[in-house]
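Enquirer: Structure incoming, see below.
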Amino acid sequence: MYPEIMVVPMREELTRLGVEELRTAADVDRVLQGYPGSTMVIVNSICGCAAGRMRPAVRLALQHATIPANVVSVFAGQDMQATERARSYFTGYPPSSPSIAILRDGKLVYMMQRHEIERREAPAIAADLKAAFDQHCAVAAAR
């Protein structure tokens, strides 16, 4: 674990966007079991690909017309229990930091792992996220 003072700017890069930070396993369960609709879970990290690619891509993607109803994050290597609990919802995927998941009513519908982030630029990652938002986060019109 890194000293918290080093991690604060990396946390704030997402919380300034309105991302709710989950610091405990109970926080994760409260959100993923209790929030209806689509929830994007960002597994934040101190690594360079999180700083130079993932967090900027999230910022770009959240400017899209369609976004998840809820956007939350956990911080790998810092908030261990919250990260472990979030990953328990990512059925079929090994731990990956950074990564981005979209759940709909608590069920995993989209996963972007580190290998899909680390060698790509932020605009390309954001384009994939926007496509996932359109597919998994659009709210059906009331009839």
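Enquirer: Give the shape of the stretch 59-143 as rounded, prolate or oblate, defined through the alpha-carbon gyration tensor: a ≥ b ≥ c are the square roots of its eigenvalues, a/c under 1.5 means rounded, and otherwise the shape is prolate if a/b is larger than b/c and oblate if not.
Expert: Details: a/c = 1.99, a/b = 1.29, b/c = 1.54.
It comes out oblate by the Cα gyration axes.
Enquirer: Would you mind counting up the charge near residue 73? Only other residues with Cβ under 9 Å from its Cβ, with Lys and Arg at +1 and Asp and Glu at -1. Can you show the working numbers first?
Expert: Values: positive: 11; negative: 20, 21.
Once positives and negatives cancel, what remains is -1.
Enquirer: Still on this structure, I have one more. For the stretch 1-79, which trypsin sites (Lys or Arg not before Pro) pass both filters: DSSP loop (anything but H, G, I, E, B) and at most 11 other C-beta atoms within 10 Å? Could the numbers behind the result be given before it?
Expert: Values: sites: 11, 16, 23, 30, 53, 59; in loops: 16, 23.
Here the sparse-neighbourhood loop sites are 16.
Enquirer: As a test, work out the antiparallel percent of DSSP beta bridges whose residues both lie in the chain, rounded to the nearest 5. If you can, show how the numbers build up before the last one.
Expert: On the way: 11 of 19 bridges.
Rounded to the nearest five, the antiparallel share is 60 percent.
Enquirer: Now a separate question. Report the Cα centroid-to-centroid distance between the stretch 1-58 and the stretch 86-143 in angstrom, as an integer.
Expert: If we compute the Cα centre of each part, the gap is 14 Å.
Enquirer: Let me ask something else about it. Roughly speaking, what is the stretch gain from residue 108 to residue 84, that is 0.36 nm per residue apart minus the C-alpha to C-alpha distance, in nm to one decimal? Intermediate values should be presented prior to the final figure.
Expert: On the way: separation 24, 0.36 × 24 = 8.64 nm, distance 1.54 nm.
Full extension from residue 108 to residue 84 adds 7.1 nm.
Enquirer: So how do 75-81, 46-52, 62-68, 3-9 stack up, highest first, on mean other-Cβ count within 10 Å?
Expert: Numbers: 75-81: 19.0, 46-52: 17.1, 62-68: 15.4, 3-9: 10.1.
Result, highest mean first: 75-81, 46-52, 62-68, 3-9.
Enquirer: Using the Cα centre of the stretch 1-69 as origin and beta-carbon charges of +1 (Lys, Arg) and -1 (Asp, Glu), tell me which of 46, 31, 60 is placed farthest towards the positive end of the dipole.
Expert: With unit charges placed on the Cβ atoms, the residue in question is 60.
Enquirer: Another question, then. Quick check: from the Cα gyration tensor, does the chain come out rounded (a/c under 1.5), prolate or oblate? Can you show the working numbers first?
Expert: On the way: a/c = 1.60, a/b = 1.22, b/c = 1.32.
The shape class here is oblate.
Values in this text are rule-based calculations from the coordinates and carry no lab data. Just so we're clear, the structure is a prediction, and the values are computed from it rather than from any experiment. We place every Cβ from the backbone using ideal geometry, glycine too, and count neighbours over all the protein chains shown.
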